[in-house]
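Enquirer: Here's a structure for you.
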Amino acid sequence: MDQRWPHDTVDVLGVRVSRADVARLRSFTETAVKERAKLTVTFANPDYVLKAQKDAALRDLMNGFDLNLPDGWGVVLAAKIFGRPVPGRMANDDLTGDLFGQPAEHGWRVFLFGNAPGVAEAAAANVRAWYPGLEIAGTLHGHWADEHGRLPAETAERLVAEINEAAPDILHVGLGTPLQQRFVTEYRDRLTAPVIITCGAYFEHLAERRQYYPAWVLKLRVGFLYRLAREPRRLWRRYTIELGSYLGRVILHRIRHGKARDR
């Protein structure tokens, strides 16, 4: 984490989660673009936190980002249990007006890299319509990984060169975890965009002109139940066994270690 982006954090099972609000995110973004200073942003949800607790490499990748925002009420709840509450859930879907509205206001160039072929282009067309004045520097799909789930070096070099050629101020990377975190970490100093933000499957939501969670789901904070009802075969294990394991670990950690210390 770059010391030029000071903010409080809370340790959630080894993952350093930022206690920054939207105003801080916007302020950091403006400073990074104006000063051409690197700012990297990723997101932590219970699934990533649980995997990172078992995988030191993933944990190090996530903790290396300048901002690690809380994506999911499970992380928000854990921070509260540890006595270091975060301002609230800050997933990509929650921040669309900031991620694209702010660049439109200032004339910053945005690049969308990731998801299946055609998805980033469709997402770009929609956000350009929603935010007049938004300048899309370019788009690239994200299906470049080899059979081992890694980007071949030659491919990555070519992608970096193509992105840099477009001269974006903000780069959104939607390659899925941990590939997107690995790509940003390995190439952050080669990528010329001052602000780099990971986003998973976010472009799919933008392309389909929808917010993933309806307003009532966000109000009741039952996003995991909503997703489970939509995709039971894919998500049943994550939202039953794995979520139970995550909450159990959070409670056990609180009992053993008490409240988190100030950071």
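Enquirer: Which residues, taken from segment 84-119, are assigned to a helix (DSSP H, G or I), under 24 Å from Pro70 (Cα atoms) and not charged (D, E, K, R)?
Expert: Within segment 84-119, Asn92, Leu95, Thr96, Gly97, Leu99, Phe100, Gly101, Gln102, Pro103 meet the criteria.
Enquirer: Hey, can you tell me all the residues within segment 56-73 that are within 19 Å of His253 (Cβ to Cβ) and at pLDDT below 95? Walk me through how you get there before you give the answer.
Expert: Initial filter on segment 56-73 (within 19 Å of His253 (Cβ to Cβ)): 56, 58-59, 62-63, 68, 70, 72-73.
Matches in segment 56-73: Gly72, Trp73.
Enquirer: Just to be sure, is Asn115 under 18 Å from the mean Cα position of the chain (by Cα) and of a type in the set (S, T, N, Q)?
Expert: Considered against the rule, which asks whether it is under 18 Å from the mean Cα position of the chain (by Cα) and of a type in the set (S, T, N, Q), Asn115 comes out as yes.
Enquirer: Output the number of residues of segment 38-83 satisfying the condition of being closer than 13 Å to Ser18 by Cβ, part of a helix (DSSP H, G or I) and not small (Gly, Ala, Ser).
Expert: Of the residues in segment 38-83, 4 are closer than 13 Å to Ser18 by Cβ, part of a helix (DSSP H, G or I) and not small (Gly, Ala, Ser).
Enquirer: When you look at Asp146, is it surrounded by fewer than 17 Cβ atoms within 10 Å (Cβ to Cβ) and at pLDDT 70 or above, yes or no? Talk me through it step by step, then tell me what you get.
Expert: Numbers: surrounded by fewer than 17 Cβ atoms within 10 Å (Cβ to Cβ): yes; at pLDDT 70 or above: yes.
Yes.
Enquirer: Right, here's the next one. Looking at this structure, is Val76 free of Cβ contacts under 8 Å to residues at least 24 places away in the same chain, of a type in the set (Val, Ile, Thr) and farther than 24 Å from Tyr187 by Cα?
Expert: yes
Per-residue answers, yes or no, for (1) surrounded by fewer than 17 Cβ atoms within 10 Å (Cβ to Cβ); (2) not hydrophobic (A, V, I, L, M, F, W, C):
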| residue | (1), (2) |
| --- | --- |
| Gly83 | yes, yes |
| Pro117 | yes, yes |
| Trp130 | yes, no |
| Leu159 | no, no |
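Enquirer: Looking at Pro87, Pro70, which is the one that is crowded, with 20+ Cβ neighbours inside 10 Å, under 19 Å from Ile197 (Cβ atoms) and not aromatic (Phe, Trp, Tyr)?
Expert: Pro70
Enquirer: Need pairs with beta-carbon distance below 7 Å; first residue on the phi > 0 side of the Ramachandran plot and within segment 11-39, second aliphatic (A, V, I, L, M) and buried (at least 20 other Cβ atoms within 10 Å of the Cβ); sequence gap 6+ or separate chains.
Expert: Listed pairs, sorted by first residue: Leu13/Val49; Leu13/Val250; Gly14/Ala52.
Enquirer: In addition: Out of all the residues in segment 167-188, is one or more farther than 23 Å from Leu58 by Cα, out of contact with any helix residue (DSSP H, G or I) (no Cβ under 7 Å at 6 or more places or on another chain), buried (at least 17 other Cβ atoms within 10 Å of the Cβ) and not basic (Lys, Arg)?
Expert: yes
Enquirer: Here is a follow-up. Filter segment 40-60 down to the residues that are in contact (Cβ under 8 Å) with a residue 24 or more places away in the chain and small (Gly, Ala, Ser), then identify the one that is surrounded by the most Cβ atoms within 10 Å (Cβ to Cβ).
Expert: Ala44
Enquirer: I'd like the full set of residues that are closer than 15 Å to Arg24 by Cβ and either buried (at least 20 other Cβ atoms within 10 Å of the Cβ) or modelled with pLDDT of 95 or more (or both), limited to segment 90-107.
Expert: Met90, Leu95, Asp98, Leu99, Gln102
Enquirer: Another question, if that's okay. Starting from segment 111-131, take each residue that is free of Cβ contacts under 8 Å to residues at least 12 places away in the same chain and list its partners that are part of a loop (DSSP other than H, G, I, E, B) and of a type outside the set (S, T, N, Q), counting only C-beta distances under 8 angstrom and pairs at least six apart or across chains.
Expert: If the second residue must be part of a loop (DSSP other than H, G, I, E, B) and of a type outside the set (S, T, N, Q), the pairs left are Arg128/Leu134.
The values are calculated or read from the model by the stated rules, or taken from the named source; none is laboratory data. Just so we're clear, the structure is a prediction, and the values are computed from it rather than from any experiment. For neighbour counting, all protein chains shown are included, and Cβ atoms are generated from backbone atoms with ideal geometry for every residue, glycine included.
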